[in-house]
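Below: one structure, written as structure tokens.
Read-outs throughout are calculated quantities, based only on the coordinates presented, and are distinct from any laboratory measurement. Keep in mind that this is a model prediction, so the values were computed, not measured. As a convention, Cβ positions derive from the backbone with ideal geometry for all residues, glycine included, and neighbour counts pool all protein chains shown.
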Amino acid sequence: GAVVSQHPSRVICKSGTSVKIECRSLDFQATTMFWYRQFPKQSLMLMATSNEGSKATYEQGVEKDKFLINHASLTLSTLTVTSAHPEDSSFYICSARGLGVSETGMHEQYFGPGTRLTVT
Amino acid sequence: EDQVTQSPEALRLQEGESSSLNCSYTVSGLRGLFWYRQDPGKGPEFLFTLYSAGEEKEKERLKATLTKKESFLHITAPKPEDSATYLCAVRTPGGKLIFGQGTELSVKP
């Protein structure tokens, strides 16, 4: 299957600082990338959707000035958490959907390994 | 409103004890139902996509089925390494994945 990587896997930062998380599709070109956050024992909540070269579309309740998303190429998207606070501590997961289609004519969606952010 | 509900929330099985996980959904125009496996501290791992009622897919000890209202993930003779959280998601016409809460499966030797 397709591979999506994230970096870093874990990050600890101080309150008020900014953190950048990278998401790369390693063996396919991702026209669309998604960013999710997941709290312990809870499911994935979509934060935003980004298409290469376009501005990201944010879900209701997600602050676009706080969570900056850049999708500059077909293999790279970044999420920057600006002025992080302890309540931003969470597991952030990116996902990518490729150019190619499966045998059913649909685009599969693959997930990265996640980034554990802890804000102290 | 698009919604996905998984049951049970947690399932404990003995090794070799077959069972099924349920995923009930309501969505205006299904564009695929997805099953993922998630291990602690990891991202979801793609298992299956089902697109139409009556469709079935298998992979090793797992078999996924789909009706117009729900999907089942059948686990036959599970092993301890099958322990994980299994996530179900539906894709909306807008292309978003709506996830259920997941079923935490524990298989004891």
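Our summary gives chain A a relative contact order of 36 percent, counting only alpha carbon pairs under 8 angstrom and 6 or more residues apart. Please enumerate, by chain and number, the lysines with C-alpha under 16 Å from the C-alpha of A:Lys64, excluding those fewer than 8 residues away in the same chain. Of all the lysines, those that pass the test against A:Lys64 - Cα under 16 Å, at least 8 places apart if same chain - are A:Lys20, A:Lys55. Given in Å, the Rg to one decimal and the Dmax to the nearest whole number for the Cα atoms of the protein assembly as shown are 17.7, 52. Neighbours of B:Pro78, meaning other residues whose beta-carbon lies under 14 angstrom from its beta-carbon, give a summed charge of +1 when Lys and Arg score +1 and Asp and Glu score -1. Within the listed set A:Leu79, A:Leu68, A:Leu44, the residue fluctuating most in the Gaussian network model of chain A (springs between alpha-carbon atoms under 10 angstrom) is A:Leu44.
Between the DSSP loop rule and a limit of at most 11 other Cβ atoms within 10 Å, which GluC sites (Glu not before Pro) in region A:1-93 are left?
Within region A:1-93, the qualifying GluC sites (Glu not before Pro) (loop, at most 11 other Cβ atoms within 10 Å) are A:Glu63.
Kirkwood Rh, chain A, all Cα pairs: how many Å? Don't skip to the end; give the middle numbers.
Numbers: mean 1/r = 0.0694 Å⁻¹.
Taking every pair of different Cα atoms in chain A, averaging 1/r and inverting gives 14.4 Å.
With R₀ set to 41 Å, the beta-carbon distance separating A:Glu63 from B:Ala77 gives a calculated FRET efficiency near 0.30. For B:Gly94, what is the net charge nearby, where nearby means another residue's Cβ is under 14 Å from its Cβ and Lys, Arg count +1, Asp, Glu -1? Its environment carries a net charge of +1. Relative to one another, the C-alpha centroids of region A:1-19 and region B:66-109 are positioned 26 Å apart. Computed from backbone phi, the HN-Hα couplings of region A:21-35 come to 10, 9, 10, 10, 8, 8, 10, 7, 9, 9, 6, 10, 10, 10, 10 Hz, rounded to whole numbers (Karplus: 6.51 cos²θ - 1.76 cosθ + 1.60, θ = phi - 60°; Gly and Pro given as x). Post the alpha-carbon centroid distance, region B:1-48 to region A:20-79, in whole angstrom. If we compute the Cα centre of each part, the gap is 23 Å.
Once you order the gyration tensor axes a ≥ b ≥ c over the Cα atoms, which shape class does chain B get: rounded for a/c under 1.5, otherwise prolate or oblate by comparing a/b with b/c? Cα axes put chain B in the prolate bin.
So, with +1 on the Cβ of K and R and -1 on the Cβ of D and E, and no other charges, what is the size of the charge dipole of the protein assembly as shown about its Cα centre, to the nearest 20 debye? Walk me through the numbers on the way to the answer.
Working: 25 positive and 25 negative charges, 74 e Å.
So the magnitude is around 360 debye.
The A:Val3 and B:Lys59 beta-carbon pair, evaluated with R₀ = 30 Å, returns a calculated FRET efficiency of approximately 0.95.
Near B:Asp39: Cβ cut-off under 13 Å, other residues only, Lys/Arg at +1 and Asp/Glu at -1. The net charge is -2.
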